[in-house]
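So the structure is just underneath, and the comments pick up after that.
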Amino acid sequence: MDMASITSAWVAGWTVSRGTPSAVVEPWGYRIDVGLPTHVFRHVLPAPDAVSVGKLCAEITEPNAWLKVMAGPEEVAEWITPGWTVPDDPGFMMTKALDAGVRPPAPEGYARTTETRDGVVRVRIVAPDGTLAARGQLAPTGATAVADQIETHPAHRRRGLGANVMRTLEAAGAQAGAETGVLSATRDGLALYDSLGWRHEGPLTGIVRGV
C-alpha cells in the first residue's frame, strides 16, 4: 500500500472506531468533524507541503482544531503559522498483514472479553480484582482494519497484556475479512508494535490550534 491508500484506510477506520461522521474528502485530504471540546475537528493531509499546511493554518481560527499530516515534526514545524503548535508526541503510521490464526489464549490470571458493537471489535482484559488492566479496539472496513486506543494500565505493564490485546484484535480483523491492519503509533507504543511485526510506513505529525 502507498501512503495515500494507507491514509485513506486509516481515516475510514478511525471514524468508525471513534463514532464520528464519515470523513469529507477535500482537495488536500480529509476533514473529520470530531466534535470534542479539545478536538473540534481534524484535517488529514496524506501529501502535505509548506503551501497546503500554511494555507490551512492561516484559514482555520477555531481553538482546538487539529491537522494530521504525513510528515515529520521537524519539517512540519517550519510550515506552521503563529497560533499553532506541534505537540511533543510524534506519531508513526504502521501496517501489518493480518492472520486469523494468531489469536492467543487469555493471559494467565486475567479474564479477557471480546465483543463487536457498531462495527467495532473491542477487547478488554480484566485483573483478578475486577479492574481494567488493558484494552483496545479495531474497526474493520473491508480489506483493511484500523487498530485504535490500545492501552495497558501502568500497574499491569510488562506482562504481555498489550501484545495479547493486539493479537486478539489482529485475528478478529482477519476473521472479519480484512487483509491488512493499519494504525497510528505513539512513541510509547512503537516498541510493542515493532515486536509484533508491524511495519513502519512513515511519520504522522499532529498540529493543534491554540486557544
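The values are calculated or read from the model by the stated rules, or taken from the named source; none is laboratory data. Keep in mind that this is a model prediction, so the values were computed, not measured. Positions of Cβ are backbone-derived with ideal geometry, glycine not excepted, and every protein chain shown enters the neighbour counts. These accessible areas exclude ligands, DNA and RNA; they are computed on the full protein's heavy atoms, side chains included. Shrake-Rupley method; radii C 1.70, N 1.55, O 1.52, S 1.80 Å.
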Can you confirm whether region 159-166 contains a residue that is surrounded by 15 or more Cβ atoms within 10 Å (Cβ to Cβ) and on the phi > 0 side of the Ramachandran plot? yes
Could you tell me which residue of region 1-29 is farthest from residue 211 (Cα to Cα), considering only residues that are open to solvent by 30 Å² or more (accessible area, probe 1.4 Å) and part of a loop (DSSP other than H, G, I, E, B)? 1
Looking only at region 89-112, decide whether some residue is open to solvent by 60 Å² or more (accessible area, probe 1.4 Å) and β-branched (Val, Ile, Thr). no
Going through region 39-67 in order, the residues found to be assigned to a loop (DSSP other than H, G, I, E, B) and over 17 Å from the mean Cα position of the chain (by Cα) are 47, 48, 49, 60, 61, 62, 63, 64, 65
Taking residue 157 as meeting all but one of (1) free of Cβ contacts under 8 Å to residues at least 60 places away in the same chain; (2) closer than 22 Å to residue 115 by Cα, write down the number of the exception. (2)
State the number of residues belonging to region 156-185 that are in contact with a Phe, Trp or Tyr (Cβ under 8 Å, 6 or more places away or on another chain) and within 21 Å of residue 18 (Cα to Cα). 6
Starting from region 173-186, take each residue that is on the phi > 0 side of the Ramachandran plot and list its partners that are open to solvent by less than 10 Å² (accessible area, probe 1.4 Å), counting only C-beta distances under 9 angstrom and pairs at least six apart or across chains. 177/145
For a quick check of your reading of the model, give me the residue pairs whose first member lies in region 1-27 and is under 10 Å from residue 44 (Cβ atoms), whose second is of a type in the set (Lys, Arg) and surrounded by 12 or more Cβ atoms within 10 Å (Cβ to Cβ), with beta-carbon atoms closer than 7 Å and at least 6 apart or on different chains. 23/31
Region 21-35: number of residues that are closer than 22 Å to residue 180 by Cα and within 16 Å of the chain's Cα centre (by Cα): 3
Being assigned to a strand (DSSP E or B), modelled with pLDDT of 95 or more and either closer than 18 Å to residue 202 by Cβ or touching a Phe, Trp or Tyr at 6+ places or on another chain (Cβ under 8 Å) (or both) is the filter here; which residues of region 68-102 pass it? 68, 69, 92, 93, 94, 95, 96, 97
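Listed here are the residues, each with its yes/no results for (1) among the β-branched types (Val, Ile, Thr); (2) over 21 Å from residue 186 (Cβ atoms).
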{"position": "35", "(1), (2)": "no, yes"}
{"position": "43", "(1), (2)": "no, no"}
{"position": "51", "(1), (2)": "yes, yes"}
{"position": "59", "(1), (2)": "no, yes"}
{"position": "79", "(1), (2)": "no, yes"}
{"position": "83", "(1), (2)": "no, yes"}
{"position": "86", "(1), (2)": "yes, no"}
{"position": "112", "(1), (2)": "no, yes"}
Residue 50 vs (1) touching a Phe, Trp or Tyr at 6+ places or on another chain (Cβ under 6 Å); (2) open to solvent by less than 50 Å² (accessible area, probe 1.4 Å): all pass except (2)
Take the residues in region 119-136 that are open to solvent by 30 Å² or more (accessible area, probe 1.4 Å) and at pLDDT 95 or above, then tell me which one is nearest to residue 196 (Cα to Cα). 135
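So, in region 176-191, of the ones that are buried (at least 17 other Cβ atoms within 10 Å of the Cβ) and hydrophobic (A, V, I, L, M, F, W, C), which residue ends up farthest from residue 100 (Cα to Cα)? Working first, answer last.
First, pick out the residues of region 176-191 that are buried (at least 17 other Cβ atoms within 10 Å of the Cβ): 176, 178, 180-185, 189.
If we keep only those that are hydrophobic (A, V, I, L, M, F, W, C) too, we end up with 176, 178, 182-183, 185.
Values: 176: 9, 178: 10, 182: 16, 183: 18, 185: 22 Å.
For region 176-191, the residue satisfying everything is 185.
For (1) at positive phi; (2) exposed (fewer than 13 other Cβ atoms within 10 Å of the Cβ); (3) in contact with a Lys or Arg (Cβ under 8 Å, 6 or more places away or on another chain), each residue gets a yes or a no:
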position: 31; (1), (2), (3): no, no, yes
position: 38; (1), (2), (3): no, yes, no
position: 44; (1), (2), (3): no, no, yes
position: 75; (1), (2), (3): no, no, no
